[in-house]
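Student: Take a look at the following structure, please.
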Amino acid sequence: MRTPFSYAELPVSRWRNGGGETREIISYPPDEADFAWRASIATIASDGPFSCFPGVDRVITLLRGDDVRLSAADASHQLRPLQPWRFPGEWAIHASLRGESEDFNIMTRRDSWQAQVRLTTQEESSLHGVAWVISGCWRLAGEKTLCAAEGLWWLDEETRLTPATAGAQLLFTRLSRVP
């Protein structure tokens, strides 16, 4: 199963605390209360807490905006553009901003899925994943071309993405089941 998406078409949900909004790419399995993995793009509009997700590993990647400092009891991290940062969903994270920001998020249920997120300019492939085009265009093995602000998620189908233009950058998430 392969599903392309564009930023403009993603459904938007306002946060209960009023500090931002989320554009959900996919919550898998669809239409179930508890996700096994989830991908989204969030806008953080003000300082505040992140929701806790026990049993979930999270990877956040700053897409645009000013400095974002994430702090927890055991760690503090300054998000840098297009540099993924992994943390446990149990951490009580507080975000401190210098202005509005937007980030790409992957969450995986620790007992069933793992995610590796990286910025790439090279051909990539995997059996399960999520891809978000940062710049330029990418070709999906002989099929569709995806350009900036577009992406693709797939499951149980080997998928290869190749740069189609000079300077193309892709945020590539390789998902794998936990044995």
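The values are calculated or read from the model by the stated rules, or taken from the named source; none is laboratory data. All of these numbers come straight from a predicted model, not from anything done at the bench. In this analysis, Cβ positions are derived from the backbone assuming ideal geometry, glycine residues included, and neighbour counts consider all displayed protein chains. Just the protein is used for accessible areas: all its heavy atoms, side chains included, with ligands, DNA and RNA removed. Shrake-Rupley method; radii C 1.70, N 1.55, O 1.52, S 1.80 Å.
Student: Do any residues in the range 57-83 that are without any contact (Cβ under 8 Å) to a residue 12 or more places away in the chain have Cβ atoms under 9 Å from those of residues that are open to solvent by 30 Å² or more (accessible area, probe 1.4 Å), where the two are at least six apart or on different chains, and which pairs are they?
Tutor: SER76/ARG69; HIS77/ARG69; HIS77/SER71; HIS77/TRP85; GLN78/ASP67; GLN78/ARG69
Student: Does SER125 fit the bill of being in the same structural domain as ARG38 (by the TED database) and touching a strand residue (DSSP E or B) at 6+ places or on another chain (Cβ under 7 Å)?
Tutor: So SER125 fails the test.
Student: Of (1) surrounded by 15 or more Cβ atoms within 10 Å (Cβ to Cβ); (2) touching a Lys or Arg at 6+ places or on another chain (Cβ under 9 Å), SER112 satisfies all except one. Which?
Tutor: For SER112, the failing item is (1).
Student: Residue by residue through the range 158-179, note down the ones that are over 10 Å from ALA131 (Cα atoms) and without any contact (Cβ under 8 Å) to a residue 60 or more places away in the chain.
Tutor: GLU158, ARG160, THR162, PRO163, ALA164, THR165, ALA166, GLY167, ALA168, PRO179
Student: Could you check GLN122 against (1) in contact with a Cys (Cβ under 7 Å, 6 or more places away or on another chain); (2) at pLDDT 95 or above; (3) open to solvent by 50 Å² or more (accessible area, probe 1.4 Å) and say which number it fails?
Tutor: Among (1) in contact with a Cys (Cβ under 7 Å, 6 or more places away or on another chain); (2) at pLDDT 95 or above; (3) open to solvent by 50 Å² or more (accessible area, probe 1.4 Å), GLN122 violates only (1).
Student: Separate question: Tell me the residue from GLY89, GLY136, GLY167, GLY142 that is farther than 13 Å from ASP57 by Cα, surrounded by 15 or more Cβ atoms within 10 Å (Cβ to Cβ) and either of a type in the set (Gly, Ala, Ser) or within 11 Å of the chain's Cα centre (by Cα) (or both), please.
Tutor: Working: GLY89 fails: farther than 13 Å from ASP57 by Cα; GLY167 fails: surrounded by 15 or more Cβ atoms within 10 Å (Cβ to Cβ); GLY142 fails: surrounded by 15 or more Cβ atoms within 10 Å (Cβ to Cβ).
Going through GLY89, GLY136, GLY167, GLY142 in turn, the sole match is GLY136.
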